[in-house]
1. Considering every residue within the range 78-96, establish whether at least one is part of a loop (DSSP other than H, G, I, E, B), at negative phi, over 19 Å from the mean Cα position of the chain (by Cα) and at pLDDT below 95.
2. Can we say residue 66 is without any contact (Cβ under 8 Å) to a residue 24 or more places away in the chain and either surrounded by 17 or more Cβ atoms within 10 Å (Cβ to Cβ) or touching a helix residue (DSSP H, G or I) at 6+ places or on another chain (Cβ under 9 Å) (or both)?
3. Could you list, in sequence order, the residues of the range 131-147 that are touching a helix residue (DSSP H, G or I) at 6+ places or on another chain (Cβ under 7 Å), closer than 19 Å to residue 179 by Cα and modelled with pLDDT under 80?
4. Picking from 18, 35, 71, which residue would you name as being outside any strand (DSSP E or B) and without any contact (Cβ under 8 Å) to a residue 60 or more places away in the chain?
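The values are calculated or read from the model by the stated rules, or taken from the named source; none is laboratory data. Predicted model only: the values in this text are computed from it and were never measured. We place every Cβ from the backbone using ideal geometry, glycine too, and count neighbours over all the protein chains shown.
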C-alpha cells in the first residue's frame with residue numbers, strides 16, 4: 001500500500017496531479033484545492049485503491065483530508081469517487097461541523113449532495129469526529145473565510161460575475177492567509193479555466 005509520496009509535480013489539472021518520484025510518474029486524483037506549481041516538490045498523503053481493472057491513487061496535501069476521506073469510505077455505498085465529491089463540495093470544517101452538530105442541513109445546501117446523502121453521512125459518522133478537531137480549526141477557518149470573502153468582493157469589483165467570483169474564492173486552498181497571494185492564486189485559477 002502506498003501511503004505517501006514526495007516528488008516533483010510534472011503536470012497538474014484541476015483534479016489530477018502527475019508526481020514524479022525517482023523517475024516514476026504517479027497519477028493521483030487530487031482535490032481542486034491542491035494547486036501546485038509544475039516543477040515544485042510536494043509531499044502528498046495517499047490512499048491506494050486496487051480493483052480488478054484499475055489501480056488508483058488519491059492524493060491529499062493535508063492529513064486531515066485523508067482522514068475524512070477514509071471515514072467517508074466506511075459509509076455503505078460510498079466509494080472513492082463519491083468520497084472525493086463530498087470533500088470537493090464541502091470544506092472539511094463544514095463537514096465536521098455538520099457531523100458534530102448532527103445537522104445535515106449544512107451539507108444538503110451544496111449542489112452535488114442530496115438531502116438523503118447528507119443525512120447518511122451525518123448519521124454514519126456521528127461520534128467519529130472529535131470535538132477538539134473542530135475547535136482547532138475554527139480560528140484558522142475564520143481567517144480563511146474572511147480571505148475568501150475579500151477575494152470574492154475584489155473579483156466582483158474587477159467585473160467578474162458574482163457566482164464566478166464566489167466559486168473561484170471557494171476553491172482557494174485553506175493555507176493562504178495573505179490577500180495578495182490569495183488574489184494571485186485565484187486569478188491564476190480563473191486563467192486556467
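1. Initially, the range 78-96 is screened for residues part of a loop (DSSP other than H, G, I, E, B), giving 78-79, 90-91.
Keeping just the survivors that are at negative phi gives 78-79, 90-91.
Remaining after also requiring over 19 Å from the mean Cα position of the chain (by Cα): none.
No.
2. On the way: without any contact (Cβ under 8 Å) to a residue 24 or more places away in the chain: yes; either surrounded by 17 or more Cβ atoms within 10 Å (Cβ to Cβ) or touching a helix residue (DSSP H, G or I) at 6+ places or on another chain (Cβ under 9 Å) (or both): yes.
Yes.
3. So in the range 131-147, the residues touching a helix residue (DSSP H, G or I) at 6+ places or on another chain (Cβ under 7 Å) come out as 131, 133-134, 137, 141, 147.
Next, from what is left, pick out any that are closer than 19 Å to residue 179 by Cα: 141, 147.
Selection gives 141 alone.
4. Just a single option satisfies the conditions, and that option is 71.
The rows are residues; the columns are (1) within 15 Å of residue 9 (Cα to Cα); (2) in contact with a strand residue (DSSP E or B) (Cβ under 7 Å, 6 or more places away or on another chain); (3) surrounded by fewer than 17 Cβ atoms within 10 Å (Cβ to Cβ); (4) at pLDDT 95 or above.
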site	(1), (2), (3), (4)
21	yes, yes, yes, yes
28	yes, yes, no, yes
35	yes, no, no, no
40	yes, yes, yes, no
48	no, yes, yes, yes
53	no, no, yes, no
61	yes, yes, no, no
